[in-house]
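**Q** Have a look at the structure that comes next, please.
The values are calculated or read from the model by the stated rules, or taken from the named source; none is laboratory data. This is a predicted model, so every value here is computed, not measured. Reconstructed Cβ throughout: ideal geometry from the backbone, glycine too, with neighbour counts over all protein chains shown. Heads up: the accessible areas ignore ligands, DNA and RNA and are worked out on the full protein's heavy atoms, side chains in. Shrake-Rupley method; radii C 1.70, N 1.55, O 1.52, S 1.80 Å.
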Amino acid sequence: MALTTDEKLLIEQRVANDGKSTGVAYLLWLFLGGLGGHRFYLGKTGTGLLMLALLGVGVLTSAIGIGFVFLIAVGIWALVDAFLIPGMIRADKDAIRARLSAEA
């Protein structure tokens, strides 16, 4: 069944209200990127915990030298995430849109 124009407008309004903010995601990335704060916000809890664990292991083992490998890995991961954030937000909004369309 095709959606009417009014239903499409209502769905897009809900997507705008319920979707994640790009600005908030980038602020979290900037200030809490190594801790995975932006990933927790975007609903990627598993990889957020992994990022947090890698940072913790890196800090704890940096005294013996091996920790710097983990810290470099977290830094590269956070840098790559700067380019992945728009796609993650788009996927979140697409998921909301699909859920609301199925409900209508």
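**Q** Would you check which residues across the range 33-51 are surrounded by 18 or more Cβ atoms within 10 Å (Cβ to Cβ) and in contact (Cβ under 8 Å) with a residue 12 or more places away in the chain and list them?
**A** Listed by number, the residues that qualify are 33, 34, 36, 38, 39, 41, 42, 44, 48, 51.
**Q** Only one of these is free of Cβ contacts under 8 Å to residues at least 24 places away in the same chain and either open to solvent by 70 Å² or more (accessible area, probe 1.4 Å) or under 19 Å from residue 92 (Cβ atoms) (or both): 30, 54. Name it.
**A** Result of the check over 30, 54: 30.
Table: residues versus (1) touching a His at 6+ places or on another chain (Cβ under 8 Å); (2) among the charged types (D, E, K, R); (3) under 16 Å from residue 29 (Cβ atoms); (4) at pLDDT below 95.
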| residue | (1), (2), (3), (4) |
| --- | --- |
| 72 | no, no, no, no |
| 75 | no, no, yes, no |
| 83 | no, no, yes, no |
| 99 | no, yes, no, yes |
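**Q** Please state which one of 78, 104 is out of contact with any Pro (no Cβ under 9 Å at 6 or more places or on another chain) and open to solvent by 40 Å² or more (accessible area, probe 1.4 Å).
**A** After ruling out the rest, the residue left standing is 104.
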